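The values are calculated or read from the model by the stated rules, or taken from the named source; none is laboratory data. Remember, predicted model here, so these are calculated numbers, not experimental data. For neighbour counting, all protein chains shown are included, and Cβ atoms are generated from backbone atoms with ideal geometry for every residue, glycine included. Protein only, heavy atoms only, side chains kept; ligands, DNA and RNA dropped before computing areas. Shrake-Rupley method; radii C 1.70, N 1.55, O 1.52, S 1.80 Å.
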Amino acid sequence: MKTITLLPGDGIGPEVTAATLRVIEAAGARYEWESHLAGSEALAYYGNPLPQEVLDSINRNGVALKGPVTTPVGTGFASINVQLRKALDLYANLRPARNLPGVSSRYDGVDLIIVRENTEDLYSGIEHVVVPGVVESIKVITERASTRIARFAFEHAVAHGRTRVTAIHKANIMKLSDGLFLDCFREVATGYPGIQADDRIVDNLCMQLVLRPEQFDVLLLPNLYGDIVSDLCAGLVGGLGVVPGANFGEKGAVFEAVHGSAPDIAGRNLANPLALIQSAVMMLRYLGETAIADRVHAALLAVLSGRGMRTKDLGGSASTTEFTEAIVREIEA
Ligand code: NAI
């Protein structure tokens, strides 16, 4: 039986993780789960928010399913998510944003794939005080990382029947850093004559997304713009509770929701588990379990298409467990 690393996380993490395992196991998924603490719980227990055994486990198993982890603001440990992506070189963050039936949003026909570079840019975390009252934060862009993420975006487009990749940048102002990102994109694009390649300046993209999101297909972004624009795209299709995500490296993949640990609703059986369930569907497809992935996907579409069964964030009154059991009933019907 395949072993998968499980990081339930904190806040609403354990609730949405339990819901996800319940659903995929009802659909026939059989895995050995190697569960690990991360974040403040791991800090309290091991003295390290990201213990080496978590990294060893993911390296060994090649696949992890991860709930959100709280990052202390201002002081305390660095983001577990950023550390994990760097330590495992999970360089590509993939975030699909598409309309779901019965999930009201301002737009129809949104079907976007966001490909975000995951390892550098301002997330390099190189900050220092120049003199008191003046700090510098360094944006790192390399040819190597920009080229491999561009290649990932085009390969993903080819593999999934997409026709266009749009690179997002601010090369009019950051001529060297975003300019390099754009040059690498253009160079890689020459190897994919069947895919339309174009680019937009990030501020214009944001306006265009709000006016006519259905005009875009695959969006390729450096780390920081990718973080911001992917939340914007989540908002286009119903919010953070409904969009999945995955991080890919050469040697493995970590599947996680885009949302955070939602401390405002944690422990109250209110969280929407859809985002992590859909991330698990992406994981099942990655593992070649297409039939099980299709079964889960069809069941959640059926539940959403019906009346009434929604969590609070989607305007309903169902608890996490009521919503989860509705999907399980649909799978077992
Ligand atoms: P958040 O995503 O946790 O919450 C933002 C808002 O969306 C809140 O009102 C929350 O209740 C709601 N929300 C999020 N997920 C939901 C769900 N599944 N169902 C229903 N409502 C949901 O973002 P926030 O508040 O900025 O971050 C909280 C903590 O999570 C921070 O410590 C942050 O660093 C961490 N975080 C962790 C991530 C990860 O582990 N992948 C990603 C983003 C944030």
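Which residues, counting only those in segment 74-87, are under 20 Å from Thr119 (Cα atoms) and either under 16 Å from the mean Cα position of the chain (by Cα) or of a type in the set (Val, Ile, Thr) (or both)?
If the condition is that a residue be under 20 Å from Thr119 (Cα atoms) and either under 16 Å from the mean Cα position of the chain (by Cα) or of a type in the set (Val, Ile, Thr) (or both), then Ser79, Ile80, Asn81, Val82, Gln83, Leu84, Arg85, Lys86 are the ones that fit.
Residues that are under 18 Å from Ala280 (Cβ atoms): list the helices (runs of 4 or more DSSP H) wholly contained in segment 1-62 that include at least 2 such residues. Even if it seems obvious, please write down each step before you answer.
Values: elements: 13-26, 40-46, 52-61.
Per the criteria, 13-26, 52-61.
Please go through segment 241-257 and pick out each residue that is within 18 Å of Leu7 (Cα to Cα) and near the ligand (Cβ under 7 Å from one of its atoms).
If the condition is that a residue be within 18 Å of Leu7 (Cα to Cα) and near the ligand (Cβ under 7 Å from one of its atoms), then Glu256, Ala257 are the ones that fit.
Pairs needed: first member in segment 184-206, of a type in the set (Lys, Arg); second member anywhere, open to solvent by 30 Å² or more (accessible area, probe 1.4 Å); C-beta distance under 9 Å; at least 6 residues apart or different chains.
Matching pairs, first to second residue: Arg186/Ala197; Arg186/Asp199; Arg200/Gln208.
List the number of the failed condition for Val63; all other conditions in (1) open to solvent by less than 10 Å² (accessible area, probe 1.4 Å); (2) in contact with a helix residue (DSSP H, G or I) (Cβ under 6 Å, 6 or more places away or on another chain) hold.
Val63 satisfies every listed condition except (2).
Hey, among Tyr31, Tyr91, which residue is hydroxyl-bearing (Ser, Thr, Tyr), more than 15 Å from the ligand (Cβ to nearest atom) and under 17 Å from the mean Cα position of the chain (by Cα)?
Tyr91
Collect the residues in segment 296-313 that are under 12 Å from Ile277 (Cβ atoms) and open to solvent by 10 Å² or more (accessible area, probe 1.4 Å), keeping them in residue-number order.
His297, Leu301, Val303, listed by residue number.
Could you look through segment 63-93, keep only residues that are assigned to a strand (DSSP E or B) and touching a Gly at 6+ places or on another chain (Cβ under 8 Å), and pick out the one that is farthest from Glu15 (Cα to Cα)?
Ranking the qualifying residues of segment 63-93, first place goes to Ala92.
Pairs needed: first member in segment 285-301, over 19 Å from Val254 (Cβ atoms); second member anywhere, open to solvent by 60 Å² or more (accessible area, probe 1.4 Å) and at pLDDT 95 or above; C-beta distance under 7 Å; at least 6 residues apart or different chains.
Ala299/Glu330
If you check Ser305, Ser261, Ser319, which single one turns out to be out of contact with any strand residue (DSSP E or B) (no Cβ under 6 Å at 6 or more places or on another chain) and within 16 Å of Pro101 (Cα to Cα)?
That would be Ser305, the only listed residue that is out of contact with any strand residue (DSSP E or B) (no Cβ under 6 Å at 6 or more places or on another chain) and within 16 Å of Pro101 (Cα to Cα).
Starting from residues that are buried (at least 23 other Cβ atoms within 10 Å of the Cβ) and not hydrophobic (A, V, I, L, M, F, W, C), keep the ones in segment 248-269 and report whichever is modelled with the highest pLDDT.
The qualifying residue modelled with the highest pLDDT is Glu256.
Within segment 116-171, which residues are in contact (Cβ under 8 Å) with a residue 12 or more places away in the chain and of a type in the set (D, E, K, R)?
Those that are in contact (Cβ under 8 Å) with a residue 12 or more places away in the chain and of a type in the set (D, E, K, R): Arg116, Glu117, Glu120, Asp121, Lys139, Glu143, Arg148, Arg151, Arg162, Arg164, Lys170.
Please pick out the residue among Leu220, Leu205, Leu224 that is open to solvent by less than 30 Å² (accessible area, probe 1.4 Å), assigned to a helix (DSSP H, G or I) and hydrophobic (A, V, I, L, M, F, W, C).
Leu205
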